[in-house]
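Asks: Sharing a structure below in structure tokens format, with a few things to ask.
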Amino acid sequence: MYNIEFLPSAKKELKKLDFVIQKQVKEKIILLATDPEKLKNNIKALKGEYNGKFRLRIGSYRVVFQIVEEQVVIIVIRIGHRKEVY
């Protein structure tokens, strides 16, 4: 099980989302922390500017995150609509 940390900008982005979307995102992030194997079809490694980071697909929304294995932490970097997050 991973611990979850949010960058301050990611917290702001989450608060700006509609309540229903916020709930979906929170549920998926908790599932990601407890059992990432269940979400393996929705997780993809990123390239370019976000090299070494991953994205979690939640409908039309994306969560960009990084895994720090040594500290067993998932750091949430960005949350937003797919056309705005990259």
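Asks: Could you grab the pairs with beta carbons closer than 9 Å, sequence gap of 6+ or different chains, first residue in the stretch 70-86 and in contact (Cβ under 8 Å) with a residue 24 or more places away in the chain, second one β-branched (Val, Ile, Thr) and surrounded by fewer than 13 Cβ atoms within 10 Å (Cβ to Cβ)?
Replies: Once the first residue is in contact (Cβ under 8 Å) with a residue 24 or more places away in the chain and sits in the stretch 70-86, its partners that are β-branched (Val, Ile, Thr) and surrounded by fewer than 13 Cβ atoms within 10 Å (Cβ to Cβ) give ILE74/VAL68; ILE75/VAL68.
Asks: Follow-up question, since we're still on this one. Quick one: is SER9 touching a residue at least 12 places away in the same chain (Cβ under 8 Å), surrounded by 11 or more Cβ atoms within 10 Å (Cβ to Cβ), out of contact with any Phe, Trp or Tyr (no Cβ under 6 Å at 6 or more places or on another chain) and small (Gly, Ala, Ser)?
Replies: yes
Here, each number is a calculation from the coordinates, and none is a lab measurement. Keep in mind it's a predicted model, so treat the numbers as computed, not measured. With ideal geometry, Cβ positions are generated from the backbone for all residues, glycine too; neighbour counts draw on all protein chains shown.
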